[in-house]
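K.L.:
One structure, pasted below without further comment.
The values are calculated or read from the model by the stated rules, or taken from the named source; none is laboratory data. Computed from a predicted model, the values in this text were never measured in an experiment. Cβ sites come from the backbone with ideal geometry, for glycine too, and all protein chains shown count toward neighbours.
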Amino acid sequence: MRFLLDDGQREFARSLHGMLAAADTPDAARAWARGDQGPGRALWARLADSGVFALATPEEYDGLGLLPVELTVAFTELGRHAVPGPLVETVAAAALLDRLGDRTAAATWLPGIASGKTVATLNPLTDDSPYTLDADTADLVLIVASGTVRIAGSTGPVQPSADPARRLSRPAGGTLIADGPHVSRASACAAAVATLTTAAQALGLGRALLEKTVAYVRQRHQFGRPIGSFQALKHRLADVLIALEFAEPLVHAAALSLASASPRADRDIAAAKAASGEAVYFAARTALQCHGAVGYTEELDLSLWIRKARSLRAAWGTPAACRARVLAP
């Protein structure tokens with residue numbers, strides 16, 4: 001199996017990295033946490049222009065079809081730059097709408113998702129959590145439960161979250177758009193897309209945490225030396241790098257499995273999510289320890305990455321739940 005990206009995929013990653021590096025994503029994340037969508041929506045439109053949301057939208061609705069490998073490339077960069085918003089949920093909603101077989105609903109919502117004009121979200125499909133990400137700000141909120149799909153009619157108050165930029169609430173009511181056994185098949189595909197892209201997001205976030213921490217230990221001095229020269233810190237950072245390096249091929253393998261509709265796709269995706277979730281959490285703990293007291297301050301942009309790491313570790317499948325799926329007979 002080939003794990004290396006081709007030239008086109010690497011160029012796509014570089015273009016996204018360059019665009020996001022030039023944008024003020026920390027400001028967009030802080031504004032999103034306050035309920036101000038302006039900077040985040042502007043960034044969302046630029047991502048759509050780059051083709052990010054088209055990667056999960058069928059060609060007949062102005063997309064490129066479901067391209068799992070390219071999605072992992074994109075979401076690794078989105079994680080690296082801590083872009084706010086229901087990014088994972090939007091591409092999962094696109095996959096769900098495509099497979100429901102309701103052409104009216106698909107034609108109504110999918111072109112807007114591909115173009116970036118429609119921000120979508122849906123409730124978690126991998127656990128029993130009642131909370132939906134950014135339901136208070138999304139244009140389309142889908143509720144999947146008991147073999148039905150509904151468009152939410154209302155959302156409750158925003159609940160506190162470990163990551164303030166992840167706004168959680170409980171949608172309710174709504175209009176029925178699909179029911180029957182095909183809903184389970186469609187939701188399984190949506191969950192696979194969501195879990196895979198969350199794994200890629202966690203991988204990118206972990207790499208950013210490592211890069212920021214390495215830069216910090218090189219410039220902070222104690223006893224007349226940069227603290228990065230201390231053996232204990234070198235070993236700790238090397239362990240983070242190893243964890244991320246082991247997670248990356250699992251994410252790529254899972255994308256290839258989903259693209260080829262392999263019968264092992266669910267297990268491969270679960271393995272990727274477990275590895276990347278543990279790696280990003282390890283990277284966040286190490287970043288906090290290496291930065292010392294300054295790492296606890298909200299004024300430091302690093303806090304945006306650290307707080308997102310904990311949420312991504314649990315989102316769309318905790319490490320324990322993912323390992324159980326890998327080991328299931």
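K.L.:
Of the residues Ser146, Ser129, which single one is over 19 Å from the mean Cα position of the chain (by Cα), among the small types (Gly, Ala, Ser) and at pLDDT below 95?
P.N.:
Unique residue meeting the criteria: Ser146.
K.L.:
Out of all the residues in region 282-299, which are surrounded by fewer than 20 Cβ atoms within 10 Å (Cβ to Cβ), part of a helix (DSSP H, G or I) and of a type in the set (Ser, Thr, Tyr)?
P.N.:
Once the filter is applied, which keeps residues that are surrounded by fewer than 20 Cβ atoms within 10 Å (Cβ to Cβ), part of a helix (DSSP H, G or I) and of a type in the set (Ser, Thr, Tyr), region 282-299 yields only Tyr296.
Yes/no matrix, rows are residues, columns are (1) among the small types (Gly, Ala, Ser); (2) at pLDDT below 95:
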| position | (1), (2) |
| --- | --- |
| Arg167 | no, yes |
| Thr175 | no, yes |
| Val183 | no, yes |
| Ala188 | yes, yes |
| Ala192 | yes, no |
| Leu196 | no, no |
| Leu203 | no, no |
| Leu209 | no, no |
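K.L.:
Which one of the conditions (1) in contact (Cβ under 8 Å) with a residue 12 or more places away in the chain; (2) in contact with an Asp or Glu (Cβ under 9 Å, 6 or more places away or on another chain) does Gly65 fail to meet, given that it meets all the rest?
P.N.:
(1)
K.L.:
Of the residues Leu71, Leu64, which single one is assigned to a loop (DSSP other than H, G, I, E, B) and closer than 25 Å to Ala105 by Cα?
P.N.:
Leu64
K.L.:
Please specify each residue of region 183-236 satisfying the condition of being among the charged types (D, E, K, R) and under 16 Å from Leu304 (Cβ atoms).
P.N.:
Across region 183-236, the qualifying residues are Arg207, Glu211, Lys212.
K.L.:
Sort through Glu278, Glu298 and tell me the only one that's out of contact with any Phe, Trp or Tyr (no Cβ under 8 Å at 6 or more places or on another chain), of a type outside the set (Ser, Thr, Tyr) and without any contact (Cβ under 8 Å) to a residue 12 or more places away in the chain.
P.N.:
Glu298
K.L.:
Answer with yes or no whether Ile269 is over 28 Å from Ala29 (Cα atoms), of a type outside the set (S, T, N, Q) and in a helix (DSSP H, G or I).
P.N.:
Spelling it out, it is not the case that Ile269 is over 28 Å from Ala29 (Cα atoms), of a type outside the set (S, T, N, Q) and in a helix (DSSP H, G or I).
K.L.:
Could you list, in sequence order, the residues of region 307-324 that are surrounded by fewer than 23 Cβ atoms within 10 Å (Cβ to Cβ) and within 20 Å of the chain's Cα centre (by Cα)?
P.N.:
Arg307, Arg310, Ser311, Ala314, Thr318, Pro319, Ala320, Ala321, Arg323
K.L.:
A further question on this structure: When the residues of region 145-179 are filtered to those that are hydrophobic (A, V, I, L, M, F, W, C), in contact with an Asp or Glu (Cβ under 8 Å, 6 or more places away or on another chain) and over 30 Å from Pro26 (Cα atoms), which remaining residue is surrounded by the fewest Cβ atoms within 10 Å (Cβ to Cβ)?
P.N.:
Ile177
K.L.:
Okay, moving on. Given the conditions (1) part of a loop (DSSP other than H, G, I, E, B); (2) farther than 18 Å from Arg166 by Cα, which single one is not true for Asp36?
P.N.:
(2)
K.L.:
Among the residues of region 228-248, count how many are acidic (Asp, Glu) and without any contact (Cβ under 8 Å) to a residue 40 or more places away in the chain.
P.N.:
1
K.L.:
Within region 32-47, work out how many residues are small (Gly, Ala, Ser), surrounded by fewer than 18 Cβ atoms within 10 Å (Cβ to Cβ) and in contact with a helix residue (DSSP H, G or I) (Cβ under 7 Å, 6 or more places away or on another chain).
P.N.:
Of the residues in region 32-47, 1 are small (Gly, Ala, Ser), surrounded by fewer than 18 Cβ atoms within 10 Å (Cβ to Cβ) and in contact with a helix residue (DSSP H, G or I) (Cβ under 7 Å, 6 or more places away or on another chain).
K.L.:
Where residues in region 99-124 are of a type in the set (A, V, I, L, M, F, W, C) and within 19 Å of Arg167 (Cβ to Cβ), which of them is surrounded by the most Cβ atoms within 10 Å (Cβ to Cβ)?
P.N.:
Leu122
K.L.:
Do any residues in region 157-173 that are closer than 26 Å to Tyr281 by Cα have Cβ atoms under 9 Å from those of residues that are of a type in the set (S, T, N, Q) and part of a loop (DSSP other than H, G, I, E, B), where the two are at least six apart or on different chains, and which pairs are they?
P.N.:
Filtered contacts from region 157-173: Arg167/Thr137; Arg167/Ser161; Leu168/Ser129; Leu168/Ser161.
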